[in-house]
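Okay, structure first, notes after.
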Amino acid sequence: MNLLAISSTPRINGNSENLLHYAVKPFKDNKDRIRFLILRDMKIHPCTACDYCRETGTCKIKDDMIKIYEDFEWCDAMIIASPVYSRNICSQLMMLFDRHYAVNIKRPLQGKPGGAIAVGRGTCGGQTIAINTIYTWMLSCGMICVPGELNGMTAVADKPGDILMQENRLRQATILGENILNVTQRLLTKK
């Protein structure tokens, strides 16, 4: 199996990225192939709404999204982690979502399971909005949204690494990964 793990935090050792590593653990234990996309290390320009992709089937902008389009084809499942700064997903992830427009006719993510992680500073910091944004994008791609214990994985943390002191949240991230792994295995055995 091929898992695409996307971290959109601009922070090194960011809390959402730490949870992503816990969510990926069941795939590692299963000896699956995992690709991490660390958006802070990538060059992704915003969509210019030029509609070049509608005329040609490819995006006019030549940046790291070209590799990400290939990763969309390659993966069997996806987990996305985002920090919450302005009561929603971070700008790095929004650019990726907007640039998906170039391949949404091809539907490379159709039928693939996905999960979401959002971490914010306060208990009402927008984590639920961010999870809904990620799952709405996944649904628009034709993906299957997989919950953790209740929904996506949300947490409250502030300074980089704070989440590592919250055993319950680390366990919740692992449960999300286990659920995505189980759904992906079932789907792939039916093919």
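Bear in mind these aren't lab numbers, they're just calculated from the coordinates by the rules spelled out. The structure presented is a predicted model; accordingly, all values stated were derived computationally and were not measured. Backbone-built Cβ (ideal geometry, glycine too); neighbour counts: all protein chains shown.
Looking at the stretch 102-180, the GluC sites (Glu not before Pro) that sit in a DSSP loop and have at most 14 other Cβ atoms within 10 Å of their own Cβ are 149.
Within the straight-line cut-off of under 21 Å between alpha carbons, the lysines reachable from residue 31 are 112, 190, 191, sequence neighbours fewer than 8 places apart in one chain being disregarded. Assuming R0 = 25 Å, can you tell me the calculated FRET efficiency for the pair residue 185 and residue 35, based on Cβ-Cβ distance, to the nearest 0.05? For residue 185 and residue 35, the calculated efficiency is 0.85. Each Cα pair under 8 Å and six or more residues apart adds its separation to the average, and for the chain the resulting relative contact order is 28 percent.
Return the Rg/Rh ratio of the stretch 128-191 with Cα-based radii and a Kirkwood Rh.
Reported Rg/Rh, Kirkwood definition of Rh: 1.04.
Run the numbers on the stretch 19-113 and let me know its relative contact order in percent, using alpha-carbon pairs under 8 Å that are six or more apart. Value for the stretch 19-113: 35 percent. Taken as Cα centroids, the stretch 39-104 and the stretch 105-136 sit 14 Å apart, rounded to the nearest whole angstrom. One chain, two ends: residue 110 and residue 168. Fully extended at 0.36 nm per residue, the span grows by 17.7 nm beyond their Cα-Cα distance. Let me know the shape class of the stretch 83-191, please: from the alpha-carbon gyration tensor, a ≥ b ≥ c as square roots of the eigenvalues, rounded when a/c is under 1.5, otherwise prolate if a/b is greater than b/c, or oblate. Because a/c hits 1.5 or more and a/b fails to exceed b/c, the stretch 83-191 counts as oblate.
Amide H contacts under 5 Å for residue 125: none, restricted to partners 5 or more places along the chain or on a different chain, H placed in the peptide plane at 1.01 Å from N. Proximity of backbone amide H atoms, modeled 1.01 Å from N, is registered between residue 6 and 37, 79, 80, 81 at under 5 Å, excluding neighbours fewer than 5 places apart on the same chain.
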